[in-house]
Amino acid sequence: MNILYILTAILLLGILVTVHEFGHFIAARSCGIAVSEFAIGFGPKLFSRVSKKSGTRFSLRLIPMGGFCAFIGEDDVEGKEQNDPRAFPRQAVWKRMITVLMGPGMNFLLALVVCVGFLWIGGLPLVDTVITEVTAGSPAEAAGFQSGDVPLRVNGVDIGSGSTEAFTAAISAWDGGEPLAITVLRNGEEQTLSVTPFFDTELNRYRLGCLVQGAYRTDEGGAMVLRPCSFPEALSGSWNTCVNAGGTILQALRALVTTGEGFEDTSGPIGIISIVSQEVRTGGLEAFINLLAVISINLGIMNLLPIPGLDGSRFLFLVLEAIRRKPIPQKKEAAVNLVGMGLLFAFILFISARDVLRLFQ
């Protein structure tokens, strides 16, 4: 079973790499740029086929830790392919920009599509508004509210699943007349409590004197209860999930660069495979989907960094070319990318060696 989870983790990385490189490939073909080879993995070829239509070699290689999409004329420092009208350097700058950016772009799109599909088919988790604390001497205490109560309705109006905002808004909208009739779920039974809110001058609204927060509803076995959702709901929920994940990754990256915080938790391909296999073993398909989305977003963001050898660096060279109105000499660009790739591979080897040592600790 351990081998199965490891293979599942390798499959996840393979999907991410394939989608990333396919983004480059489809953009290049659409822009008239010839692709000499589209490869998944590194090292010796396990399978290889040349397309009769385009001349592109499609190959599957031994080490499933990456891949590449090689364009004709790319890093051609000797100028052997410069006369080919399909060569990468001969295309308009905007076409090359699109081709470079489509790799990370496909990673972002993959994360969104996977999340939308998972939520649309599986449903959204039901989230309850739960009273977590009742202030002493407050109207809520006088009315008999208790920690753990789940508000369901205010004056007979459903406040919605997990909508703490709806509950707060219903209290704030009180007109100062009759006391509010709030129905709560307590120990599996519904109870209706009568309460008169007080006006908080600091917050400029009516309050009960209790704290509420959202909590996932679970069944007797502890599993989250899901509800069917529409496509717009799935799209909105997935968008928010992806944006939040991207924000968290950027914050972690900023902390890593500025203070070094999180360096000890940085993992390479081996560490990622270990983490994914462990998470999938305990979390199943949901964990696989979640990790696929998060790592895909992470891969997209990392590739946009202006590090020589990555897509971000190539895009930066194209921006400079657009500003200067002439390309950066290919020998200089190739040298920068070569040095950058060397340092990047050295860093990956260092991280991977540390990941291997952790496996035996």
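Quick notes
So that you can scan it fast, the table gives a plain yes or no per residue for (1) at pLDDT 90 or above; (2) among the polar types (S, T, N, Q); (3) over 23 Å from A27 (Cα atoms):
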{"residue": "S48", "(1), (2), (3)": "yes, yes, no"}
{"residue": "K52", "(1), (2), (3)": "no, no, no"}
{"residue": "T56", "(1), (2), (3)": "yes, yes, no"}
{"residue": "L62", "(1), (2), (3)": "no, no, yes"}
{"residue": "G66", "(1), (2), (3)": "no, no, no"}
{"residue": "C69", "(1), (2), (3)": "yes, no, no"}
{"residue": "G73", "(1), (2), (3)": "no, no, no"}
{"residue": "E78", "(1), (2), (3)": "no, no, yes"}
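- L11 meets the conditions (1) buried (at least 21 other Cβ atoms within 10 Å of the Cβ); (2) assigned by TED's automatic domain parsing to the domain that holds I323; (3) closer than 29 Å to L285 by Cα in every case but one. The failed one is (1).
- Boolean, I249 is within 20 Å of L101 (Cα to Cα), exposed (fewer than 13 other Cβ atoms within 10 Å of the Cβ) and of a type in the set (A, V, I, L, M, F, W, C): no
- Filter result for I307 (of a type in the set (V, I, T), out of contact with any Cys (no Cβ under 8 Å at 6 or more places or on another chain) and part of a loop (DSSP other than H, G, I, E, B)): yes
- Breaking point among (1) surrounded by fewer than 18 Cβ atoms within 10 Å (Cβ to Cβ); (2) closer than 19 Å to L4 by Cα; (3) β-branched (V, I, T), for I272: (1)
- Test for Q146: is it surrounded by fewer than 19 Cβ atoms within 10 Å (Cβ to Cβ), assigned to a loop (DSSP other than H, G, I, E, B) and in contact with a strand residue (DSSP E or B) (Cβ under 9 Å, 6 or more places away or on another chain): yes
- For region 87-101, the criterion of being in a helix (DSSP H, G or I), among the hydroxyl-bearing types (S, T, Y) and buried (at least 19 other Cβ atoms within 10 Å of the Cβ) is satisfied by at least one residue.
- Some residue of region 250-266 being under 20 Å from V116 (Cβ atoms) and either touching a strand residue (DSSP E or B) at 6+ places or on another chain (Cβ under 9 Å) or in a helix (DSSP H, G or I) (or both): no
- In summary, E81 fulfils each of the numbered conditions (1) out of contact with any Gly (no Cβ under 9 Å at 6 or more places or on another chain); (2) free of Cβ contacts under 8 Å to residues at least 12 places away in the same chain with the single exception of condition (1).
- Residue count for region 183-217 satisfying the condition of being in a strand (DSSP E or B), touching a helix residue (DSSP H, G or I) at 6+ places or on another chain (Cβ under 7 Å) and of a type in the set (S, T, Y): 2.
- The one condition from (1) over 27 Å from the mean Cα position of the chain (by Cα); (2) in contact (Cβ under 8 Å) with a residue 40 or more places away in the chain; (3) within 19 Å of L310 (Cβ to Cβ) that Q91 does not meet is (3).
- Candidates S36, S30: the one that is in contact with a strand residue (DSSP E or B) (Cβ under 8 Å, 6 or more places away or on another chain), at negative phi and hydroxyl-bearing (S, T, Y) is S36.
The values are calculated or read from the model by the stated rules, or taken from the named source; none is laboratory data. Keep in mind that this is a model prediction, so the values were computed, not measured. Positions of Cβ are backbone-derived with ideal geometry, glycine not excepted, and every protein chain shown enters the neighbour counts.
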